[in-house]
Amino acid sequence: MNKFAFMTTKYLEEFIERALTEIGVHIDYELYLYKSFGDIVEVYDKIPRNIPCVIVSGRFGSGIISYSRPDASRIVMSFDADDAGMYWLLIQLMRNPSFDPARVYVDFFDIMGVRLSEYMFQRSKVTLCDQLTDFMKDMTQYRLQEIEEYVFEKHVRLWQEGRTDISVTRFASLAQRLEDMGVPVRFVYPSLNHVSDICLQALQAVQIKQLQQNLLSVIEVTVDGTAADSESAVEKLRMLENALNHFKKQNLYDFMLTPIPFGFEIYTNRKVVDELTDNGKGCRLQGFFKENLTIPVFVGYGLGDDIYQARMHAIVSNREAKLSREGCSCLINENDELIAHLGSLAQVVVKRGTYQELKRASQKSGLSSITIQKIIAIAHEMEDNLITSQDIASKLGITRRSANRFLSALIKTKVARVVSKKGEVTRGRPERVFKIVLDK
């Protein structure tokens, strides 16, 4: 059974343990406690890496983790104040004959610009979940910490000024602090159904991720096959095989090597590929080869919904890697995206669609559709889609001569046009500036 981590405050520790017992969802878990938003990331970093899912008591807390650790591969979810929990609290408060909504300060309604009376009596209700989702858009970690302190100070000030009878909060990090200040505070506990739903969603998310990670994936690793003599080619293959076996033994990866012309196909799983590429941001294999071999190695990663698609993607991405004569790594994922030059300054993500206009441009120019899409992707990174041959050469790791050849082919097919010239150079002509006019 997978062990989950629950991140919460001391204030909610007993509630979570009781709730998990009552809902009957069988989860092996550990509790990790934080005091305020300021130490959430520090506590999160202490959770063992083998725990696949972290459930945080509060949307703000999970938001801080997402902002601070955007590259984290584990699943992060949260349970929060829901409408059922809020209605239950309101029923308890309304049992008091002197209950006056105007003298109740609800911190999360305040920061979202909602009045308690409007929430209680509106006909068409927007759920708390929807309101929190909208409010959290583009919210930074520092802004969330500022909000935490803002509502705490307002709770205290309104009570000290005699303007409130009750303070209502959804911030577990503030409830105990407010009680210690003598403020009559009520916490909006989530309903048990909400906690149960989140736990079941977390279990399902982990199971889906495990299935994805266990999908077969293929890596095609090759060396230059244009050696002048067969002995040289055989020696390169021997060096490559020794390096792969050493890497496998050193890192204890689950590899199966199959010989192919000028290299090897590696059959492994999605989890290994994610680790080797840091989820598409680099290439540990390429780094190992550059440190231990004196020959260029070309690595093509293939992910897919089945082994056939993964293998085809590996073959195509390896072919793209060979465009760089110095050794390069590329990846094509299950979304049919090509990530070229993994881990280098020239890394670029290209959609590998099959648009008719792109096909015609490919046929007329003699360039592959992937090459054209690479150039389009580079242009989109530049201001006003304007590029030079130097931009393409730098991004794709090719010579300016090759870049100029690509651009000349695109001009003939009206995919690109010269819009200006810039910079007088010491020798030769001024550099031409091109605009790409094909958007797909």
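Select from the range 308-330 the residues that are among the hydrophobic types (A, V, I, L, M, F, W, C) and closer than 19 Å to Thr258 by Cα and write down the one among them that is surrounded by the most Cβ atoms within 10 Å (Cβ to Cβ). Filtering the range 308-330 for residues that are among the hydrophobic types (A, V, I, L, M, F, W, C) and closer than 19 Å to Thr258 by Cα, the one surrounded by the most Cβ atoms within 10 Å (Cβ to Cβ) comes out as Ala314. Taken together, the residues in the range 25-60 that are of a type in the set (Gly, Ala, Ser) and without any contact (Cβ under 8 Å) to a residue 24 or more places away in the chain amount to 0. Within the range 240-268, being within 22 Å of Asn333 (Cβ to Cβ), modelled with pLDDT of 90 or more, buried (at least 17 other Cβ atoms within 10 Å of the Cβ) and not aliphatic (A, V, I, L, M) holds for Gly263, Phe264, Glu265, Tyr267, Thr268. Here's a check for you: in the range 331-345, which residue that is closer than 21 Å to Asn269 by Cβ and among the polar types (S, T, N, Q) is surrounded by the fewest Cβ atoms within 10 Å (Cβ to Cβ)? Result: Asn335. For Glu220, the conditions (1) of a type in the set (D, E, K, R); (2) part of a loop (DSSP other than H, G, I, E, B); (3) touching an Asp or Glu at 6+ places or on another chain (Cβ under 7 Å) all hold with the exception of (2). Do the conditions hold for Glu235, that is, is it out of contact with any strand residue (DSSP E or B) (no Cβ under 6 Å at 6 or more places or on another chain), of a type outside the set (Ser, Thr, Tyr) and surrounded by fewer than 13 Cβ atoms within 10 Å (Cβ to Cβ)? No; evaluated as a whole, the condition is false for this residue. Just one of the listed residues (Ile75, Ile27) is at pLDDT below 90 and surrounded by 15 or more Cβ atoms within 10 Å (Cβ to Cβ), namely Ile27. Annotation note: Cβ proximity below 7 Å between a residue of the range 195-224 that is among the hydrophobic types (A, V, I, L, M, F, W, C) and a residue that is in a loop (DSSP other than H, G, I, E, B) (sequence gap 6+ or interchain) occurs for Cys199/Val25; Cys199/Ile27; Leu200/Val25; Val206/Asn2; Val206/Pro52; Val223/Phe262; Val223/Ile295. Is there any pair linking a residue in the range 162-183 that is closer than 14 Å to Glu148 by Cβ to one that is charged (D, E, K, R) and not in a loop (DSSP other than H, G, I, E, B), with Cβ under 6 Å and at least six apart or on different chains, and which? Listed by first residue and then by second, the contacts come to Thr169/Asp107.
Does Arg405 satisfy the condition of being out of contact with any Cys (no Cβ under 6 Å at 6 or more places or on another chain) and at pLDDT below 80? Taking the combined requirement at face value, the residue does not satisfy it.
Could you tell me whether the range 42-63 includes any residue that is surrounded by fewer than 17 Cβ atoms within 10 Å (Cβ to Cβ), closer than 30 Å to Val156 by Cβ, at pLDDT 90 or above and not β-branched (Val, Ile, Thr)? Taking every residue of the range 42-63 in turn, at least one turns out to be surrounded by fewer than 17 Cβ atoms within 10 Å (Cβ to Cβ), closer than 30 Å to Val156 by Cβ, at pLDDT 90 or above and not β-branched (Val, Ile, Thr). Every condition in (1) closer than 23 Å to Lys435 by Cβ; (2) surrounded by 15 or more Cβ atoms within 10 Å (Cβ to Cβ); (3) at pLDDT below 85; (4) in contact with a Ser or Thr (Cβ under 9 Å, 6 or more places away or on another chain) holds for Val348 except the one numbered (4).
Filtered by the rule that a residue be surrounded by 13 or more Cβ atoms within 10 Å (Cβ to Cβ), hydrophobic (A, V, I, L, M, F, W, C) and over 10 Å from Ile372 (Cβ atoms), the range 399-418 gives Ala403, Leu407, Ile411.
Scanning the range 138-167 for residues that are farther than 15 Å from Gly58 by Cα and aliphatic (A, V, I, L, M) gives Val151, Val156, Leu158, Ile166. Kindly list the number of the only condition in (1) within 37 Å of the chain's Cα centre (by Cα); (2) at pLDDT 85 or above; (3) more than 20 Å from Val185 (Cβ to Cβ) that fails for Met86. Here Met86 clears every test but (3).
Filtering Asp82, Asp45, Asp110 for residues that are in contact with a Pro (Cβ under 6 Å, 6 or more places away or on another chain) and of a type in the set (D, E, K, R) leaves a single hit, Asp82. Has the range 328-350 got at least one residue that is out of contact with any Gly (no Cβ under 9 Å at 6 or more places or on another chain), at positive phi, in contact (Cβ under 8 Å) with a residue 40 or more places away in the chain and not in a helix (DSSP H, G or I)? No, because not a single residue in the range 328-350 is out of contact with any Gly (no Cβ under 9 Å at 6 or more places or on another chain), at positive phi, in contact (Cβ under 8 Å) with a residue 40 or more places away in the chain and not in a helix (DSSP H, G or I). Can you name the condition, by its number, that Asp45 falls short on among (1) touching a strand residue (DSSP E or B) at 6+ places or on another chain (Cβ under 9 Å); (2) not aliphatic (A, V, I, L, M); (3) not assigned by TED's automatic domain parsing to the domain that holds Phe171? Exception for Asp45: condition (1).
The single condition among (1) modelled with pLDDT of 90 or more; (2) surrounded by fewer than 16 Cβ atoms within 10 Å (Cβ to Cβ) that Gly113 does not satisfy is (1). Taken together, the residues in the range 308-327 that are charged (D, E, K, R) and part of a helix (DSSP H, G or I) amount to 3. Within the range 277-307, restricting attention to residues that are touching a residue at least 40 places away in the same chain (Cβ under 8 Å), buried (at least 16 other Cβ atoms within 10 Å of the Cβ) and assigned to a helix (DSSP H, G or I), the residue that is farthest from the chain's Cα centre (by Cα) is Phe289.
The conditions of being at pLDDT 90 or above and over 21 Å from Lys395 (Cα atoms) are met by Phe289.
The values are calculated or read from the model by the stated rules, or taken from the named source; none is laboratory data. Keep in mind that what you see is a predicted model, and the values were worked out from it rather than measured. Here the Cβ is made from the backbone with ideal geometry for all residues, glycine too, and neighbour counts use every protein chain on show.
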